[in-house]
Structure formats: structure tokens, C-alpha cells
Amino acid sequence: MANTETIRTVVGIIGNVISFLLFLSPVPTFIKIRKDKTVMQFKPDPYVVTALNCAVWVFYGMPFVHPDSLLVVTINGIGLVIELIYVTIFFIYAEWQKRRKILIFLVVELIILGIIIFITLTFLFGTKARSMLVGIVAVVMNIAMYTSPLTVMRRVISTKSVKFMPFYLSLANFANGCIWFAYAFLKFDVYILIPNGLGALSGAIQLLLYAKYYKTTNWDDDGKPSEIEIPSNPTA
């Protein structure tokens, strides 16, 4: 019989794979941006915010903050690099107004991250107190990021069409939430448990909406579904 730690490690590795694929989901968008040499109607906000989210989770997984969280560090470290690549591509092909917005966002994020690190390492002693502060910040950020899928789901209900809610992305978000929920439950890490429980619930609702409105979707009307996706939230 495998012990709990071994099972948790296996589950975490599976979570890393699913999350990695989710981090890669915007690749077609950036291939299009690079090909057309313009960012068109796309916004940098999701990628800049996700970069900060990943950075906070990397800090959360540090041994001096929350021990035994190597798999949280690995996937969010990879995610941080990927998101920064997206931001760089966006910056290269954006007009000055959007470039300035990106720079402002990045400066603000660095300040926020610096404040979190400074307070954690200067005023908090012991991993329990440090985990609580960084964990709460990470949970709040993750919950805030779920407002974007809610917007897409509202559009599905109002139009009775799932054309702009890709099935496989919804399925991957659901699987990702479930696997990281299980990972957190095995050692009861409430700060990973809460956002991924909500992520699994969000994914389940998306799948239910897909089942309900698939037959009423007009797949021949105008629009490009490949350019409108549910923002993925792959962070552990």
C-alpha cells in the first residue's frame, strides 16, 4: 500500500502536467499576434495578473514559508516564465498606450510582491504564520481571477450558445481544479484547497452549460471562437 505522501506526490505530478497544458492554452493567440504583428483586440491583463499570481504561489511554496510544496513551486515557476514570455510578445507588438499599461502593471506588481516578501520575512516567524499571510493573499488573487469565467458563462446563458466557451478548455479547468483539490486534501492545505475547489466547481458549471446549450448553438454565425477563450487558471 502506498503511503499518503507518495499518493500526494503522484497527484501533484499529474497536476503539474495538466496545469502546464493550461498555461500553454493561449499559444494559438500569440502565434496569431506574432504572425499579424499586432495585438488586435487582445488585452494583456490576464497574462500580467497570472504572472503575479504565479510569483505569489512560488513564494508560498518556498521551504521557509510552506515546507513540502516543491510541486507547487515547480509548476508555478514554469507558469511564471511562460506568462512573462506572453507579456514580452504582447509588449513587442503592442502600441505605446498598451505598452505603457503593461509597464505600469509590472511595476505595481513588483511593488506588491516586494511588500509581501518584506512583511513575511521581516515580521513573521515560523512557517505557520508565513503560510497564513501568503496563502490568504494567493487565495484572494485566485478567487478574483474567477470573475473572468463568470463573464463568459453569463454570455453563454444570455446567447444560449457555447461557441465562445471551448469544451476542452472547460474540461481541463475542471480536471485541474479536481486534481489540485485532491492534492491539497491529502495533507489538508486549506490555501490550495479553497481556490481549486472553486476552480473545480467553476469547471463543472461550464461543462453543465455546455451540455445544456450545445444543441442551441449556431456554429455557422459570425465570430471566431478560437480568439475568445475562457481565461485559464492553472495555478495550484
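The values are calculated or read from the model by the stated rules, or taken from the named source; none is laboratory data. As the structure is a computational prediction, the values presented were derived from the model and not from experiment. Because the Cβ atoms are built from the backbone with ideal geometry, glycine has one as well, and the counts that use them run over all protein chains shown. The accessibility values were calculated without ligands, DNA or RNA, using every heavy atom of the protein model including side chains. Shrake-Rupley method; radii C 1.70, N 1.55, O 1.52, S 1.80 Å.
Here are the numbers for the structure shown:
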read-out	value
Gyration tensor (alpha-carbon) shape descriptor, the stretch 92-151, a/c threshold 1.5	oblate
Trypsin sites (Lys or Arg not before Pro) restricted to the stretch 1-73 and DSSP loop, no more than 13 other C-beta within 10 Å	37
Coil-residue trypsin sites (Lys or Arg not before Pro) of the stretch 130-184, DSSP, other Cβ within 10 Å capped at 11	none
Of the chymotrypsin sites (Phe, Trp or Tyr not before Pro) in the stretch 182-214, those whose Cβ has at most 15 other Cβ within 10 Å and which sit in DSSP loop	188, 214
Residues of the stretch 37-86: accessible area per residue with a 1.4 Å probe, Å²	39 Å²
Within straight-line cross-link reach of residue 32, lysines at Cα separation under 24 Å, skipping those fewer than 8 residues along the same chain	43, 98, 101, 163, 224
Shape call, the chain: gyration tensor on alpha carbons, a/c limit 1.5	oblate
222 nm mean residue ellipticity, helices alone, for the chain (DSSP H n ≥ 4; -39,500 (n - 2.57); rounded to 500)	-25500 deg cm²/dmol
Sulfur and carbon atoms: percent of accessible area, the chain [1.4 Å]	73 percent
Mean Kyte hydropathy of 0.0 or more with a Cα span along the axis of at least 27 Å, helices from DSSP in the chain	4-23, 70-93, 96-123, 167-186, 190-213
Average Cα contact separation per residue, the chain, under 8 Å, 6 or more apart, as relative contact order %	28 percent
Solvent exposure, largest accessible area first (probe 1.4 Å, DNA, RNA and ligands not counted), of 45, 220, 68	220, 68, 45
Peptides 140-151, 171-182 ordered by average Cβ neighbours within 10 Å, highest first	171-182, 140-151
Kirkwood hydrodynamic radius of the stretch 1-108, Cα pairs, Å	15.3 Å
